[in-house]
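The values are calculated or read from the model by the stated rules, or taken from the named source; none is laboratory data. Note that the structure is predicted; figures quoted are calculated from it, not measured. So basically every Cβ, Gly included, is an ideal-geometry build from the backbone, and we count neighbours across all protein chains shown.
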Amino acid sequence: MKLTFYGAAKQVTGSMHLLTLESGFQVLIDCGLDYENRKDFDSNNRNFPFLPEDIDLLILTHAHIDHSGNIPNLVRQGFNGPIICSEPTVELSHNLLNDSLNVQLIEGRKSKGKKNHKKSFKKQEQVQTLFQKRHIEQTVSAMHGLTFNEPYQVNDELTIELFEAGHILGASSVKLTIKEHNETKQIGFTGDLGNYGSKLMKDPTPMNGLDYLITESTYGGRLHTQDKIAEDVLLNYIKNTCEKFGGKLVIPAFSVGRTQAILFTLKQLYTKGLLPKNVKIYTDSPLAIKTSRMYEKYKKYLNDEAQHFVNQYGDLFGFENLYVIENSKDSEIMSLLPEPSVIVSAAGMVEGGRIQEHIRNHISDAYSTILIAGFCAEGTFGHELLMGKSTVRINYKEKEVHAQIARTDVFSAHPDQNGLLRYLNEVDFKSIKQIFLVHGDLNSMTKFKETIPHPNVVMPNFEESFQL
Ligand SMILES: [Zn+2]
């Protein structure tokens, strides 16, 4: 069989790997959007380097758009097979794909509006998105939700089993057992792994008996701050920004995963009576609100601490100081209210979404803090913020940076180098023939590779194929 890396090769976004069996059966693992160079978004994602109609089966590891976001485009171009994923991933993906289409429309209108600002609004409406609403519906209706740890036989040559990856709700690692020429081979894709001991999610469950492993390496080159507790870190920023100076603490957060971890931490602080009474907390992302409901619906997928918390307090996220912003008009008003507050809004890498407006409103305010709480790929605005520039351009406006730009990894949804090595030990990596590193930038991967005591660790290039 042949494994080809069509995405997340020496970069983080755009996960897409194709496994072609000897029989010609083709399995695509993930089909995500590539966000690496924003200006090349359309050319990076519109066309596929293979024929979509030739794919027989798609396995989706989790709902994040850099893994799922291009599936409706694949469907639009002729893919007609089943999509295997975990049960919660079906619903989460539905919401995320709709949101992604909205972002494409908004971004498209923005750029058209800029170029053709004198033309009619109707003209500006003609935005070339990668897919349409009906392709999302087709995608979701092709999804089959599997339960973790239960093998699913696709045909005589292929069996699939999903394992808890601990990254976000429903995130899976996937093991493919392939029978060819009276020989059985087991190939494991970690998908995105979660951080051990993380908020809400369980620890990753290791796959067993693998011959080949394809592992993520997002934070393979660094170590998370070990001694910091999420509640202390967040409370510190709230006290030093909102309570002390009456400023805004603006936190860009992915609507799925990060926002829930942050809101859960805030509720924990609230139940302990530690949250300053005069500080309002705003969660401003319709997708995050829907997702939070999903976390409560699928609470059996969460860790023991979260499940006990729900049993004790009735829910995971709601509390007195928390204000949920649904529509964009309220978002605009809230952002400019002269009051100390915490604004948690999407998107995490500050690529699109309402967070851009909040950052534009407060980035020049010396009493405010912008707290980056997750990974920001190179070329994204979040990454640019972290570079410490004195001026930035956001939503077509040049702004001076006076707010504090801070970063924390306490909410990280990925393991650091030690966590990845722990995972490798748990899957008994020494008995694995070959390990492939994906989903990491070249620097992280190179550092991670040096720490793995295995003779056959590969960092595949884009479109590189391997015979397994
Ligand atoms: Zn992810």
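Within region 396-413, residues that are within 22 Å of residue 231 (Cα to Cα) and away from the ligand (no atom under 16 Å from the Cβ) reach partners that are basic (Lys, Arg) and assigned to a loop (DSSP other than H, G, I, E, B) with beta carbons closer than 6 Å, at six or more positions or on different chains, in the pairs 410/228. For region 138-168, a residue qualifies if it is farther than 24 Å from residue 180 by Cα and either assigned by TED's automatic domain parsing to the domain that holds residue 294 or aromatic (Phe, Trp, Tyr) (or both), and exactly one does: 148.
Can you pull out every residue in region 435-450 that is more than 17 Å from residue 18 (Cβ to Cβ), surrounded by 15 or more Cβ atoms within 10 Å (Cβ to Cβ) and either modelled with pLDDT under 95 or not basic (Lys, Arg) (or both)? Please lay out each step first, then the result.
Going residue by residue through region 435-450, those that are more than 17 Å from residue 18 (Cβ to Cβ) are 435, 437, 440-450.
Still in the running and surrounded by 15 or more Cβ atoms within 10 Å (Cβ to Cβ): 435, 437, 440-441, 444-449.
Residues satisfying the conditions are 435, 437, 440, 441, 444, 445, 446, 448.
When you scan region 414-424, do you find a residue that is at positive phi and modelled with pLDDT under 95, even just one? No, region 414-424 has no match at all.
Filtering 246, 221, 197, 188 for residues that are away from the ligand (no atom under 16 Å from the Cβ), surrounded by fewer than 20 Cβ atoms within 10 Å (Cβ to Cβ) and under 23 Å from the mean Cα position of the chain (by Cα) leaves a single hit, 197. When residue 166 is tested against (1) closer than 27 Å to residue 290 by Cα; (2) touching a Lys or Arg at 6+ places or on another chain (Cβ under 8 Å); (3) more than 12 Å from the ligand (Cβ to nearest atom), only condition (3) is not met. Residue 43 meets each of the listed conditions (1) within 16 Å of the ligand (Cβ to nearest atom); (2) of a type in the set (Ser, Thr, Tyr); (3) out of contact with any Phe, Trp or Tyr (no Cβ under 7 Å at 6 or more places or on another chain) apart from (1).
Please tell me if residue 177 is within 16 Å of the ligand (Cβ to nearest atom), farther than 18 Å from residue 374 by Cβ and not acidic (Asp, Glu). For residue 177, the condition - within 16 Å of the ligand (Cβ to nearest atom), farther than 18 Å from residue 374 by Cβ and not acidic (Asp, Glu) - is not met.
Please determine, by comparing only the residues of region 20-40 that are within 16 Å of the ligand (Cβ to nearest atom) and among the acidic types (Asp, Glu), which one is modelled with the lowest pLDDT. Break it down stepwise before answering.
Start the filter on region 20-40 by keeping residues that are within 16 Å of the ligand (Cβ to nearest atom), which leaves 29-36.
Narrowing further to those that are among the acidic types (Asp, Glu): 30, 34, 36.
Details: 30: 98, 34: 91, 36: 78.
If we take residues in region 20-40 being within 16 Å of the ligand (Cβ to nearest atom) and among the acidic types (Asp, Glu), then 36 is modelled with the lowest pLDDT.
Can you tell me which residues in region 51-66 are away from the ligand (no atom under 16 Å from the Cβ) and either outside the structural domain of residue 82 (by TED's automatic domain parsing) or crowded, with 24+ Cβ neighbours inside 10 Å (or both)? 58 - this is the single residue of region 51-66 that is away from the ligand (no atom under 16 Å from the Cβ) and either outside the structural domain of residue 82 (by TED's automatic domain parsing) or crowded, with 24+ Cβ neighbours inside 10 Å (or both).
Among the residues of region 354-373, which ones are buried (at least 24 other Cβ atoms within 10 Å of the Cβ) and either in the same structural domain as residue 104 (by TED's automatic domain parsing) or small (Gly, Ala, Ser) (or both)? Residues satisfying the conditions are 368, 373. Selection within region 374-402: residues that are within 24 Å of the chain's Cα centre (by Cα) and charged (D, E, K, R). The member of this set that is surrounded by the most Cβ atoms within 10 Å (Cβ to Cβ) is 384. The helices (runs of 4 or more DSSP H) found entirely in region 292-384 that carry 3 or more residues being under 21 Å from residue 274 (Cα atoms) are 304-313. Contact annotation: residue pairs with Cβ atoms under 7 Å, 6 or more positions apart or on different chains, pairing a residue in region 182-199 that is over 30 Å from residue 156 (Cβ atoms) with a partner that is aliphatic (A, V, I, L, M) and more than 16 Å from the ligand (Cβ to nearest atom), are 199/230.
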